[in-house]
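In what follows, a single structure is set out as structure tokens and then discussed.
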């Protein structure tokens with residue numbers, strides 16, 4: 001079992017393939033195994049690295065609440081790259097991992113070849129933030145009081161997970177079986193330390209406007225909490241592209257692995273070839289029809 005010493009804790013990781021590094025950052029309800037349909041595909045072309053975040057065994061589960069935050073999640077990505085002596089990598093994250101990936105690009109742009117920010121935005125819509133925080137706290141208490149099996153069963157049947165359950169019952173059962181084996185303590189601490197305290201996507205506007213790292217935003221069209229944030233990121237990040245996968249919920253890398261993998265591959269190929277450019281300002285004249293300067 002491979003582990004790296006990162007920021008005073010041990011992080012478990014899987015390292016496959018060879019070539020340009022591509023790091024996968026998992027969601028709240030997943031771990032490194034959540035990316036198996038991606039690492040199997042991309043390891044033919046890239047050095048793929050998938051790791052378990054702090055709080056997700058066999059990575060360490062620190063007991064101190066202050067050990068969990070959005071900033072810490074970002075520094076863990078950087079620390080893993082340092083431990084593996086990787087100066088720069090493509091970084092692909094989903095949901096919680098998508099947030100960490102986005103913030104990694106904002107804080108350490110010199111370490112990112114590109115960013116794939118998928119399914120990121122929960123708790124960002126202004127009118128929903130109080131409800132999101134309340135739901136996060138309720139779920140954290142359930143992990144603590146009811147345990148991992150009961151709470152994971154509830155979480156896995158959420159409104160943006162049923163799409164996966166309907167499309168691929170076998171794949172959903174595999175996802176569920178992996179989730180129930182996680183750490184209830186780690187999940188509760190992550191909910192309180194990361195999800196409840198991270199800034200809304202809409203609060204990052206001035207920073208996103210300055211982001212020059214090639215970025216691909218991805219979301220499912222039935223992942224309602226992430227749709228508006230995805231469009232906002234596309235409109236705000238000058239180097240961003242947007243992929244919306246139809247009839248899909250939150251877990252798009254598992255729901256629609258072929259569509260997900262090929263969209264990411266096309267993006268990485270363009271980036272590596274130097275063909276992923278900033279948006280042409282001539283496309284933003286304020287008119288749906290006329291070029292700039294037209295009267």
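Overview of values
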{"quantity": "Qualifying residue in the stretch 6-29 (condition: part of a helix (DSSP H, G or I) and within 21 Å of the chain's Cα centre (by Cα))", "calculated": "no"}
{"quantity": "Extreme residue, nearest to residue 80 (Cα to Cα), among residues of the stretch 50-66 that are without any contact (Cβ under 8 Å) to a residue 60 or more places away in the chain and in contact with a helix residue (DSSP H, G or I) (Cβ under 7 Å, 6 or more places away or on another chain)", "calculated": "51"}
{"quantity": "Considering residues of the stretch 85-125 that are in a loop (DSSP other than H, G, I, E, B), buried (at least 18 other Cβ atoms within 10 Å of the Cβ) and on the phi < 0 side of the Ramachandran plot only, the residue modelled with the lowest pLDDT", "calculated": "125"}
{"quantity": "Hits in the stretch 37-49 - residues which are in contact (Cβ under 8 Å) with a residue 12 or more places away in the chain and either in a helix (DSSP H, G or I) or surrounded by fewer than 22 Cβ atoms within 10 Å (Cβ to Cβ) (or both)", "calculated": "37, 38, 39, 41, 42, 43, 44, 45, 47"}
{"quantity": "Failed item, numbered, when residue 234 is tested on (1) outside any loop (DSSP other than H, G, I, E, B); (2) surrounded by fewer than 17 Cβ atoms within 10 Å (Cβ to Cβ)", "calculated": "(2)"}
{"quantity": "Subset of the stretch 239-265 (residues that are more than 22 Å from residue 158 (Cβ to Cβ), touching a strand residue (DSSP E or B) at 6+ places or on another chain (Cβ under 9 Å) and surrounded by fewer than 17 Cβ atoms within 10 Å (Cβ to Cβ))", "calculated": "242"}
{"quantity": "Matching option when the condition is at pLDDT below 95 and either in contact with a helix residue (DSSP H, G or I) (Cβ under 9 Å, 6 or more places away or on another chain) or on the phi > 0 side of the Ramachandran plot (or both), among 196, 181", "calculated": "196"}
{"quantity": "Hits in the stretch 1-16 (condition: in contact with a strand residue (DSSP E or B) (Cβ under 6 Å, 6 or more places away or on another chain) and surrounded by fewer than 18 Cβ atoms within 10 Å (Cβ to Cβ))", "calculated": "2, 3, 10, 15, 16"}
{"quantity": "Answer residue from the stretch 271-294, given it is in contact (Cβ under 8 Å) with a residue 12 or more places away in the chain and in a helix (DSSP H, G or I) and is surrounded by the fewest Cβ atoms within 10 Å (Cβ to Cβ) among those", "calculated": "272"}
{"quantity": "Helices (runs of 4 or more DSSP H) completely within the stretch 147-219 that count 3 or more residues being free of Cβ contacts under 8 Å to residues at least 60 places away in the same chain and surrounded by fewer than 21 Cβ atoms within 10 Å (Cβ to Cβ)", "calculated": "148-155, 169-179"}
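Here is a yes/no grid of residues against (1) touching a helix residue (DSSP H, G or I) at 6+ places or on another chain (Cβ under 9 Å); (2) over 23 Å from residue 198 (Cβ atoms); (3) modelled with pLDDT under 95:
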{"residue": "6", "(1), (2), (3)": "yes, no, no"}
{"residue": "10", "(1), (2), (3)": "no, yes, no"}
{"residue": "21", "(1), (2), (3)": "yes, yes, no"}
{"residue": "25", "(1), (2), (3)": "yes, no, no"}
{"residue": "30", "(1), (2), (3)": "yes, no, no"}
{"residue": "33", "(1), (2), (3)": "yes, yes, no"}
{"residue": "42", "(1), (2), (3)": "yes, yes, no"}
{"residue": "48", "(1), (2), (3)": "yes, yes, no"}
{"residue": "68", "(1), (2), (3)": "yes, no, no"}
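The values are calculated or read from the model by the stated rules, or taken from the named source; none is laboratory data. In this text, all values refer to a predicted model and were calculated from it rather than measured experimentally. Using ideal geometry, Cβ is built from the backbone for each residue, glycine included, and neighbour counts are taken over all protein chains shown.
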